[in-house]
Amino acid sequence: MTDERTDDMTRFVAELEAGGVLSDAAWREAFTKVPRHVFLPAFFTPLPDGRWQAMDQSHPDYWRLVYADTTLTTQLDATIHPDPSVGPVAGAGTSSSTQPGLMAAMLDALRVTGGERVLEIGTGTGYNAALLAHRLNAQNVTSVEVDDRVADAARQRLVVAGYHPSVITGDGEQGWRPGAPYDRLVATVSVPAVPRAWLAQVRDGGMIVASLWRDLGGAPLVRLEVDGDTAQGFFLPQPGGFMPVRSANRATAALSAATRQIGISRTATVPSGVLHDDDAGLWLALQVPEVTWLGFTPDGGTDQVWLFAPDGSWAMVEDATVRVEQYGPRNLWDEVEAAYDRWDATGQPCRDRLGLTVTGTGEHRFWLDFPDATQWVDVPGRR
Ligand SMILES: C[S@@+](CC[C@H](N)C(=O)[O-])C[C@H]1O[C@@H](n2cnc3c(N)ncnc32)[C@H](O)[C@@H]1O
């Protein structure tokens, strides 16, 4: 590697360290040695109009972006791959290289000491698998990717970088039974519920660090310790908004359809900003199911937040006029305000005071501070 690249990597690791996420010397060493650019020959950068432009090493910003604490998108709509010779393209991200600071926090949360056997779900570019292989030896690392083209590219780039973990093409929600039992499982893709297969494939006392998918957001990252057919633990202090597994049934509804109906208007008691709050946002996302939202500013109007549910319910919140308008079987902003009031009455707990127990029947029990203090339960299949 040239001196210039070594300098880029040294600056990158110093930036991560300054962000407080690389306190472990062994992970620091891995980030210093594993070249991220090998896993990112090209990627998309977002444009102000919502579309994407692909760039590769010929672009003057390439090296600065590859060695920055930034998520880099590498696939859109499960079919579009970065090609800098093509102009701007539209689409939703379906594969990426995760923000390195977030990867570092999740790797740290795995609490490995060396030699643990790890199953990663969501290989993506293969960069995280390479970091795991560097730290724990390649024979201890298995990574599962659902998209065969993405998995093939990751395999090739891992070889170029000098790492040889097992990369399996398959559905990560099933884990990878032939390699079980694992000491650790880390998922860099969000699941609506922690799959039973993961609990079965991680040994007693082993740990799972995973991202839960909630339509309202909240970016839930949780670390669970496995005990027989159950697992339990606290949410991490860091938010981690990973894309959902491809099977996830995301609640969607059309803004244009909603605006044709007239809802019931009232004064809002809670502003829309609660959805962005790291602590309140997680509580709300876990308690208000199947509601997506988006920001919208009508021509000549003020900022609005629109919420939608699959049954056609919607709500529109306008902070400038302190107004909410709602329509449909569910009063969505009433639900958000009621959940917010519970969070407030409970003393506004921060996100890492919340915990999760996954029971042998797959029930998800959410609690505050103590597992016995169950606050609410998700039944499998309800989402
Ligand atoms: C955020 S990327 C992973 C980033 C990756 N760890 C890295 O270092 O580049 C999420 C990946 O999960 C994959 N994915 C989605 N659903 C999946 C599933 N059911 N099983 C396995 N992988 C899945 C996507 O194709 C995507 O490549």
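Rule-based calculations on the coordinates, nothing more; no lab input. Here the structure is a predicted model, which is why all the values come from computation and not from measurement. Neighbour counts run over all protein chains shown; Cβ positions are idealised from the backbone, glycine included.
Quick look at the numbers
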item: Max mean-square fluctuation residue, GNM over the chain, Cα-Cα springs under 10 Å, options GLY87, GLY312, GLY228; result: GLY87
item: Computed [θ] at 222 nm, deg cm²/dmol, the chain (DSSP H ≥ 4; -39,500 (n - 2.57); rounded to nearest 500); result: -7500 deg cm²/dmol
item: Convex hull per residue volume in Å³, alpha carbons only, for region 44-97; result: 78
item: Residue with peak Gaussian network fluctuation, the chain [Cα springs, cutoff 10 Å], from ALA345, ALA138, ALA109; result: ALA345
item: Prolate/oblate/rounded call for the chain, Cα gyration tensor, a/c under 1.5 rounded; result: oblate
item: Local net charge near ASP303, Cβ-Cβ under 13 Å (Lys/Arg +1, Asp/Glu -1); result: -2
item: Antiparallel %, DSSP beta bridges [both residues in the chain], to 5; result: 75
item: Spin-label pair LYS33/ASP61, simplified geometry with 7 Å Cα→Cβ offset, distance in nm; result: 3.3
item: Tilt relative to the chain, helix 3-18 - C-alpha long axis, 0 to 90 degrees, to 10; result: 40
item: Cα centroid of region 40-103 to Cα centroid of region 311-358, whole Å; result: 33
item: Degrees between helix 148-161 axis and first principal axis of the chain (Cα, 0 to 90, nearest 10); result: 40
item: Gain on full stretching of the segment that runs from ASP352 to ASP152 - 0.36 nm per residue minus C-alpha separation; result: 68.3 nm
item: 0 to 90° range, to nearest 10: angle between helix 100-109 axis and the chain longest Cα axis; result: 90
item: Calculated P(r) of region 63-143 - Cα pairs past 21 Å, %; result: 38
item: Gain upon complete extension [SER23, ASP83; 0.36 nm per residue less C-alpha separation]; result: 17.9 nm
